[in-house]
Amino acid sequence: MTPEETVWIVDDDRSIRWVLEKTLEQEGIQCRLFDSAENLVNLIDKEQPSAIISDIRMPGMDGLALLEKLQKDHPYLPVIIMTAHSDLESAVASYQGGAFEYLPKPFDVEEAVSLVKRAMLHHRNARPSTDDMEAEEEPQVDKEIIGEAPAMQEVFRAIGRLANSNITVLINGESGTGKELVAQALHTHSPRAANPFIALNMAAIPHDLIESELFGHEKGAFTGANTQRRGRFEQANGGTLFLDEIGDMPAETQTRLLRVLADGEFYRVGGHTPVKVDVRIIAATHQNLENLVQKGSFREDLFHRLNVIRIHLPKLAERREDIPKLARHFLSRAAEELAVEPKLLTKETENYLTQLDWPGNVRQLENTCRWLIVMASGREVLVEDLPPELLAAIPHEQPFASWEEALKNWVDSTLATGQKGILDQAVPKFERIMIETALAHTGGRRRDASLLLGWGRNTLTRKIKELNIDHAEQDED
Ligand SMILES: Nc1ncnc2c1ncn2[C@@H]1O[C@H](COP(=O)(O)OP(=O)(O)OP(=O)(O)O)[C@@H](O)[C@H]1O
């Protein structure tokens with residue numbers, strides 16, 4: 001727990017406040033007590049706790065009304081609602097209102113502590129945002145990274161080597177390859193693990209809001225800034241700030257970021273007092289930052305500051321051998337989340353999935369598995385059960401793919417199945433296609449076909465025999 005992390009407790013019953021406070025403080029969790037929801041609301045725009053425990057029935061504003069307000073203004077703040085044991089209706093209402101959990105009274109103190117810890121962890125891993133702009137995903141909590149392909153083993157080695165370090169890291173990789181997951185793993189294995197991991201995606205925020213999002217703002221700094229707000233840098237103090245799609249950061253923000261990295265302090269938008277922070281930066285991009293530097297859209301000095309250690313995440317199509325394991329993992333997780341029967345892929349389906357191109361990388365595979373859990377009817381998933389867009393994307397038949405690309409795909413997927421000596425398979429196939437097509441062009445005349453191919457007539461005859469090509473000699477006079 002970090003010193004800044006506090007849990008707020010609101011209950012009109014003094015003894016409940018007291019018992020919760022004592023129990024949580026024994027666990028090193030700081031508490032702040034409120035005897036009414038109104039008092040809590042008065043403070044929440046100025047300061048933020050890591051979690052709130054609120055009684056449901058209180059004079060004045062009750063727990064559900066408080067929950068509704070918090071859901072609107074601070075959607076990432078976990079709220080635990082205390083209800084009377086027998087009151088199923090209010091338990092349901094609190095879930096429907098977006099409560100993180102509900103705690104039936106009288107409660108077991110151990111249960112209360114474990115709930116609060118879970119809520120705090122959730123809050124730390126969530127992507128807090130007042131305006132909910134990039135809230136498209138569930139927060140990630142200690143997710144396993146799957147990867148047996150050599151390129152992923154390299155990534156794991158890098159995470160291992162960097163454990164216990166605070167060094168800046170730049171992660172490169174296409175969208176959906178797991179950049180955020182790796183950033184999180186770097187954080188979890190760093191000395192900062194107990195402090196916040198805060199993620200911010202530059203591409204998801206309108207440019208004119210990026211500065212206040214990063215650095216916070218003072219009350220009245222601009223229209224709509226009704227209260228002072230801490231930015232992501234402050235939220236990440238002591239921990240890690242993950243800046244996704246850093247290539248999309250506007251020029252003036254790049255300049256400010258560079259200054260923070262150099263000085264360790266910054267000003268809130270509209271502020272005059274410097275704020276000191278200790279934040280580790282992990283940046284990520286799908287773009288080639290060197291190119292952006294050359295084009296002049298990314299500052300070279302910032303690039304060098306970020307590019308201390310670089311980790312490259314391969315596209316899913318470059319590590320096809322991981323596809324079956326990833327698919328099994330996502331299928332079982334989706335089934336668990338939805339509390340339904342798990343599903344299995346047939347060997348044929350697994351092979352089919354392994355051959356696809358996956359332009360959306362691991363995220364696309366994950367979404368496909370969720371879709372299958374909901375939509376596929378049997379316990380076994382057949383090729384025909386796959387979503388129509390995947391069935392349409394039959395590998396190697398993309399109209400615009402060159403044959404070299406198609407060949408590359410074939411090499412990739414054949415190697416992924418562990419085969420060796422693959423030239424022995426490929427060369428005869430190649431020669432067969434050349435010969436059959438040339439013969440088709442010459443109406444079957446071998447002499448002309450040998451000219452088209454650039455072989456002597458005898459060589460062509462020998463090859464036709466060797467390759468067992470079904471071709472009768474034509475009368476060539
Ligand atoms: N190797 C992996 N093992 C298990 N899950 C993975 C792996 N890689 C990615 N995922 C999952 O795929 C999804 C996308 O990953 P993530 O958000 O980390 O990608 P990203 O590269 O940061 O994408 P973007 O650049 O679009 O934000 C997440 O749900 C993540 O948990």
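With the condition being among the hydroxyl-bearing types (Ser, Thr, Tyr), I'd like the helices (runs of 4 or more DSSP H) fully within the stretch 185-294 carrying at least 2 qualifying residues. Spell out the reasoning first.
On the way: elements: 207-215, 232-235, 251-263.
Of the helices (runs of 4 or more DSSP H) lying wholly inside the stretch 185-294, those with at least 2 residues that are among the hydroxyl-bearing types (Ser, Thr, Tyr) span 251-263.
Report those helices (runs of 4 or more DSSP H) wholly inside the stretch 389-477 carrying at least 3 residues which are among the β-branched types (Val, Ile, Thr) and either out of contact with any helix residue (DSSP H, G or I) (no Cβ under 7 Å at 6 or more places or on another chain) or modelled with pLDDT under 85 (or both). Give the steps one after another, and end with the answer.
On the way: elements: 403-416, 423-441, 446-453, 457-466.
Because the criterion is at least 3 residues that are among the β-branched types (Val, Ile, Thr) and either out of contact with any helix residue (DSSP H, G or I) (no Cβ under 7 Å at 6 or more places or on another chain) or modelled with pLDDT under 85 (or both), the helices (runs of 4 or more DSSP H) in the stretch 389-477 that meet it are 423-441.
Please list, ordered by first then second residue, the pairs with beta carbon atoms under 6 Å, 6 or more apart or interchain, first in the stretch 171-183 and in contact (Cβ under 8 Å) with a residue 40 or more places away in the chain and under 15 Å from GLU366 (Cα atoms), second within 6 Å of the ligand (Cβ to nearest atom) and in a helix (DSSP H, G or I).
Qualifying pairs under 6 Å: GLY176/VAL362; GLY176/ARG363; GLY178/VAL362.
Report yes if LEU390 is more than 16 Å from the ligand (Cβ to nearest atom) and surrounded by fewer than 16 Cβ atoms within 10 Å (Cβ to Cβ), otherwise no.
Details: more than 16 Å from the ligand (Cβ to nearest atom): yes; surrounded by fewer than 16 Cβ atoms within 10 Å (Cβ to Cβ): no.
So LEU390 fails the test.
Here are the criteria: (1) modelled with pLDDT of 85 or more; (2) not in a loop (DSSP other than H, G, I, E, B). Tell me which single one THR83 does not satisfy.
(1)
Do we find that HIS304 is under 30 Å from THR255 (Cα atoms), away from the ligand (no atom under 16 Å from the Cβ), modelled with pLDDT of 85 or more and out of contact with any helix residue (DSSP H, G or I) (no Cβ under 7 Å at 6 or more places or on another chain) in this structure? Let's see the steps before the verdict.
Values: under 30 Å from THR255 (Cα atoms): yes; away from the ligand (no atom under 16 Å from the Cβ): yes; modelled with pLDDT of 85 or more: yes; out of contact with any helix residue (DSSP H, G or I) (no Cβ under 7 Å at 6 or more places or on another chain): yes.
Yes, satisfied.
Scan the stretch 143-170 residue by residue and report those that are within 15 Å of the ligand (Cβ to nearest atom) and either of a type in the set (A, V, I, L, M, F, W, C) or more than 27 Å from LEU415 (Cα to Cα) (or both).
Step one: filter the stretch 143-170 for residues within 15 Å of the ligand (Cβ to nearest atom), giving 143-159, 169-170.
Those that are within 15 Å of the ligand (Cβ to nearest atom) and either of a type in the set (A, V, I, L, M, F, W, C) or more than 27 Å from LEU415 (Cα to Cα) (or both): LYS143, ILE145, ILE146, ALA149, ALA151, MET152, VAL155, PHE156, ALA158, ILE159, VAL169, LEU170.
Restricting attention to the stretch 148-170, which residues are within 23 Å of LEU302 (Cβ to Cβ) and without any contact (Cβ under 8 Å) to a residue 40 or more places away in the chain? Lay out the reasoning, then the answer.
Going residue by residue through the stretch 148-170, those that are within 23 Å of LEU302 (Cβ to Cβ) are 158, 162, 165-170.
Residue satisfying the conditions is SER165 alone.
Scan the stretch 330-352 and give yes if some residue there is within 12 Å of the ligand (Cβ to nearest atom) and either crowded, with 20+ Cβ neighbours inside 10 Å or closer than 19 Å to GLY418 by Cα (or both), otherwise no.
Yes, because at least one residue in the stretch 330-352 is within 12 Å of the ligand (Cβ to nearest atom) and either crowded, with 20+ Cβ neighbours inside 10 Å or closer than 19 Å to GLY418 by Cα (or both).
At pLDDT 85 or above, in the same structural domain as LEU258 (by TED's automatic domain parsing) and away from the ligand (no atom under 16 Å from the Cβ): is that true of GLU234 in this structure? Give the steps one after another, and end with the answer.
On the way: at pLDDT 85 or above: yes; in the same structural domain as LEU258 (by TED's automatic domain parsing): yes; away from the ligand (no atom under 16 Å from the Cβ): yes.
For GLU234, the condition - at pLDDT 85 or above, in the same structural domain as LEU258 (by TED's automatic domain parsing) and away from the ligand (no atom under 16 Å from the Cβ) - is met.
The values are calculated or read from the model by the stated rules, or taken from the named source; none is laboratory data. Small disclaimer: the values here were computed from a predicted structure and weren't measured. Glycine also receives a Cβ, built like all others from the backbone with ideal geometry; neighbour counts cover every protein chain displayed.
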